[in-house]
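The values are calculated or read from the model by the stated rules, or taken from the named source; none is laboratory data. Here the structure is a predicted model, which means the values were calculated and not measured. All Cβ positions, even for glycine, are placed from backbone atoms using ideal geometry, and neighbour counts span all protein chains on display. When the accessible area is computed, the model is the full protein with side chains, heavy atoms only, and any ligands, DNA or RNA have been set aside. Shrake-Rupley method; radii C 1.70, N 1.55, O 1.52, S 1.80 Å.
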Amino acid sequence: MSRRIMHIDLDAFFVSVEQALNPELKGKPVVVGGRPDRRGVVASASYEARQFGLYAGMPLATASRLCPQATFIEGSFPKYRQASQRFMAILADFSPFLEPVSLDEAYLDVTGFESIYGSIHQMATKIKQRIKDELGLCASVGIASCKVVAKVASELSKPDGLLEVAGGKERSFLAPLPVAKLPGVGKKTEQLLKGVGINTVGELSKMPLSALKSYFGASGELLHRYAKGIDDREVEPPSAAKSISRETTFGKDTRDRSLLKATLRYLGERVGADLRQRGKQAGCVTLKLRYADFTTITRRHTLSQTSDSDQTIFDTGVKLLKRELSLGKQPVRLIGIGVSNLAEPGRQLDMLDASAQRQEQLNKAIDRIRNKYGFTAIQTGRTLLLKDIFPESEGGYTLHTPSLSR
Ligand code: TTP
Ligand code: MG
């Protein structure tokens, strides 16, 4: 069954936090980044300021020339960090499959949640409302079957938007957009593509893979897939990290075995502590060494039984170290130790099974509903930009623009 993934991004985040704390600033051109007489750039511009051509990354001096009436604020990071934590906590209430991407941006896997919220669209409306009520901030939400399309959708719906791309419509949704809208297409890529006459994502999606690979190497393949609206990346909660490691570079290259061992013990203990804090067990231990001439090696050992014990991590690391040092190479510049093949300990496996079971039940329920009522109905909103991009006759997109009443 097709996945449903939400991408949620707060609008004009730093500025909006300032406006929530000081309502006098609402509805006005506001810039966070610093005083206009200072060097530096705009970090965040309110949508009112953007109407004057201001954008993140613009030098403050240029910003104040284009929009002298704007309020310029230095900004304070702790405020934004706190708002970010509260934002993520709200999202975590809705789905445990949460992947924070930056302070104001996250993916949520919401596959199967229709049965709880009526529809994913309604779920998104609830999320937006809670963010508004509790934080005084506006969020824009994109919903699609994969990350890349969900991200483009949230971006397009801004500000205070909600845009859903129905399963099967990913490619036609992306096709008319300028290539720069596609994540992974930066300024350079955009220029190069323009140079060969590729302006839209649709044109990009028709380029032969071999041509893209010859221009962009390995990332050509990714571009090829993204342009077609194909993206298999999972929403990965941070605890699902695939490995944990620590390493350190010595002040002076060394062959001193007792120093190497002591360092390995220290690093191993930190890895172990991190592992236990995440409630995980490791199946594999990796030693990393960088020699004086910068050649770097890694040596892995698979444990016969998963473990989160410092001793096991250290013992395994030392075994690998001894074997490597017996080869009598050069002095060591850097040493590191890591664990991978992370698994939940037995006691938590039950919980995991229960949630998998619940997911399975949800999935079945959704399939039943879908079979009965078909896919999401079409709504169109009033945002001009979106109307231009999605002629109403094409269908397949659910578009919500902010309602004024609250
Ligand atoms: P963004 O989500 O890129 O921007 P935004 O939230 O201000 O506006 P939008 O409505 O388009 O999402 O970044 C989130 C915050 O990260 C932003 O408020 C400030 C900070 N930031 C910088 O400090 N420097 C930058 O160049 C960018 C892009 C963001
Ligand atoms: Mg944002």
### Task
Please report, in Å, the Rg and the Dmax of the stretch 178-295, where both are computed over Cα atoms only.
22.2, 62
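Enumerate by residue number the GluC sites (Glu not before Pro) in the stretch 53-140 meeting two conditions: DSSP loop (anything except H, G, I, E, B), and at most 15 other Cβ atoms within 10 Å of the site's Cβ.
Working: sites: Glu74, Glu105, Glu114, Glu134; in loops: Glu74.
Sparse-neighbourhood loop GluC sites (Glu not before Pro): Glu74.
Computed over the Cα atoms, what is the radius of gyration of the stretch 148-237 divided by 2.2 N^0.38 Å, N being its residue count?
Details: Rg = 13.1 Å, N = 90, 2.2 N^0.38 = 12.2 Å.
Here the answer is 1.07, to two decimals.
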### Message
Quick check for you: with a 1.4 Å probe and neighbouring chains kept, what is the accessible area per residue of the stretch 58-165, in Å²?
### Response
36
### Task
Could you name the lysines whose alpha carbon sits less than 21 Å from that of Lys132, not counting residues in the same chain fewer than 8 places away?
Lys26, Lys28, Lys79, Lys151, Lys158
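How large, in percent, is the carbon and sulfur part of the accessible surface of the stretch 18-174 at a probe radius of 1.4 Å?
Working: 3420 of 6600 Å².
Roughly 52 percent of what the probe reaches on the stretch 18-174 is carbon or sulfur.
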### Task
Would you give the gap between the C-alpha center of the stretch 264-298 and the C-alpha center of the stretch 82-99, rounded to a whole Å?
30
### Task
Rounded to whole Å and ordered largest first, report the semi-axes of the equivalent ellipsoid of the stretch 245-322 derived from its Cα gyration tensor (root of 5λ).
23, 13, 11
